[in-house]
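Just so it is clear, none of the values below were taken in a lab; they were calculated from the coordinates. Just so it is clear, the structure is predicted and the values come from calculations on it, not from any experiment. So basically every Cβ, Gly included, is an ideal-geometry build from the backbone, and we count neighbours across all protein chains shown.
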Amino acid sequence: MRLFVALIPPQEALEDLDDFLDVRREAGPFRWTQSDQVHVTLAFLADAPERSLDDLVERLGRAAGRRTRFETAIAGGGAFPDAARARVLWAGLSLGDDGRTELDRMATGARAAAARSGIEVGGQRFRPHLTVARLGRPQEATRWVRLLDAYRGPSWTASSISLVQSHLGEGPRNRPRYEVLEEFALSG
């Protein structure tokens with residue numbers, strides 16, 4: 001199974017970001033991420049054995065229960081690897097010290113839960129972001145980074161994390177289709 005653990009913003013926050021980007025989409029050579037696929041990946045599990053799923057769900061539930069809710073907003077942005085050679089455009093999160101600490105600990109907890117369930121965790125160090133667009137080849141994107149950097153959406157409470165299965169090629173235009181398998185509440 002191809003899985004990931006994610007912080008998924010509420011619909012209102014995603015719609016606001018989508019409205020902000022919508023009028024600008026024609027101007028860029030990007031493959032834009034559909035709003036229902038925008039999320040912060042906490043842990044990527046490229047090849048999870050189905051037999052490990054129950055153990056993973058139990059461990060993720062415990063890990064989420066140790067984290068507390070926090071206020072945030074989609075705000076700012078950037079490009080990977082950088083604006084001069086962009087392959088990915090991303091939006092960021094507005095996080096106070098407590099929010100950043102909790103988000104980092106959520107990612108650590110999700111990765112540890114997967115590893116203890118016998119699932120290999122993919123990716124490098126955790127860099128919180130929401131992918132909004134991809135480029136087929138590296139391009140200069142400084143104007144787009146400045147545009148994203150000026151964005152700030154409505155505030156919302158991060159109150160849960162989700163275990164999501166990715167079905168490659170089953171979405172519109174051969175993109176992945178995401179299915180939320182479980183949602184885990186953070187403590188109050």
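Key figures
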quantity	calculated
Nonlocal amide H pairs with residue 39, under 5 Å, H built at 1.01 Å	131
Scattering curve values for the chain, log₁₀ I(q)/I(0), Debye with Cα scatterers, q = 0.13, 0.18, 0.19 Å⁻¹	-0.68, -1.27, -1.37
Cβ-based exposure ranking for 182, 140, 50, in which fewest neighbours within 10 Å come first	50, 140, 182
Overall Cα dimensions of the stretch 46-93, principal axis frame, Å, largest first	43, 31, 10
Local electrostatic count at residue 134 - Lys and Arg +1, Asp and Glu -1, tallied over other residues with Cβ under 10 Å	+2
Structure-based [θ]222 nm, the chain - -39500 (n - 2.57) summed over DSSP H runs of at least 4, per residue, nearest 500	-9000 deg cm²/dmol
For the stretch 89-104, 3J(HN,Hα) per residue [Karplus equation, 6.51 cos²θ - 1.76 cosθ + 1.60, θ = phi - 60°, Hz, x = Gly/Pro]	9, 9, 9, x, 10, 7, 10, x, 4, 5, x, 5, 4, 4, 5, 4
Approximate spin-label separation residue 26-residue 175, in nm, with each point projected 7 Å along Cα-to-Cβ	1.9
Sites residue 82 and residue 15 - FRET efficiency at Förster radius 22 Å, r taken between beta-carbons, to 0.05	0.15
Simple label model, 7 Å out from Cα along Cβ direction - residue 146 to residue 54, nm	5.7
Derived scalar couplings ³J(HN,Hα) [the stretch 71-85; Karplus, 6.51 cos²θ - 1.76 cosθ + 1.60; whole Hz; x for Gly, Pro]	8, 7, 7, 6, 7, x, x, x, 9, 10, x, 6, 5, 6, 9
Ranked packing of 69-78, 114-123, 166-175, most packed first, by mean Cβ within 10 Å	69-78, 114-123, 166-175
Angle between the chain longest axis and helix 53-65 axis [Cα atoms, degrees, rounded to 10]	80
Built amide H within the under 5 Å cut-off of residue 186, gap 5+	160, 161
Share, in percent, of DSSP beta bridges within the chain that are antiparallel, nearest 5	95
Under 5 Å, built H, 5+ apart or other chain: amide partners of residue 33	133, 134
Neighbour-count order for 162, 155, fewest beta carbons within 10 angstrom listed first	155, 162
The stretch 8-91: relative contact order as a whole-number percent, Cα under 8 Å and 6+ apart	23
